[in-house]
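Coordinate-derived values only; no laboratory data. In this text the structure is predicted, and so the values were computed from the model without any measurement.
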Amino acid sequence: MRAAHANSNCHYALLIKGYIDIRQDAIMHPAATASGDAETHMKRYAVTRTLPWSCEQLFDLAADVASYPQFLPGWLDVQILEHEPQQMRVRQRLGIGPVNHTFTSSAELQRPRQVLIGTTDAPFQHLRIQWQFEENGQNGCRVSLGIELETGSSMFQKALVILFEVTTPDIIEHFEVRARQLYGDMQCTASQQ
């Protein structure tokens, strides 16, 4: 658990550094599009990896949004508002250094192939997180994580962009560690459950 907290502190240090760099216009110059008078920034992130567990196990892990604060840096709290077999509504609180923000999202669950999470709650103009799971023969499951994020131009909104920029490459690693905790260190075939 201490390693997870140390990793979180490292992420926060990068977030704060990035926040300062943005303020100084030193590192981040996303393509801007005009939407009325507001400047918007669309960012896309994607990570794909093959993991040695079944697609069903990895889907269940991604769909267990309530557990995210236990193993994902930046997720401070999750409250399930509604839960149906193929959809749920969730209130989440993200933390970025000393600042945190609560928003409501909806999730579409297509077991065992896809989890699609989205919101347009402020400060997001658009947030879409898509998990896809595809059997990969004898090698387990190919997991793809795609994130589309659009915010306005406030400093906090730019800090959210940095949160996703810094943590997206590590999210699947955090899920892999969580899968090992829950399912063991296994080398499964696609037919194993």
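3J(HN,Hα) along region 146-151, derived from phi through the Karplus expression 6.51 cos²θ - 1.76 cosθ + 1.60 where θ = phi - 60°, amounts to x, 10, 10, 9, 10, 10 Hz, with x in place of Gly and Pro.
Close amide H pairs (under 5 Å, H built 1.01 Å from N) link HIS126 with GLU150, residues at least 5 positions away or on another chain.
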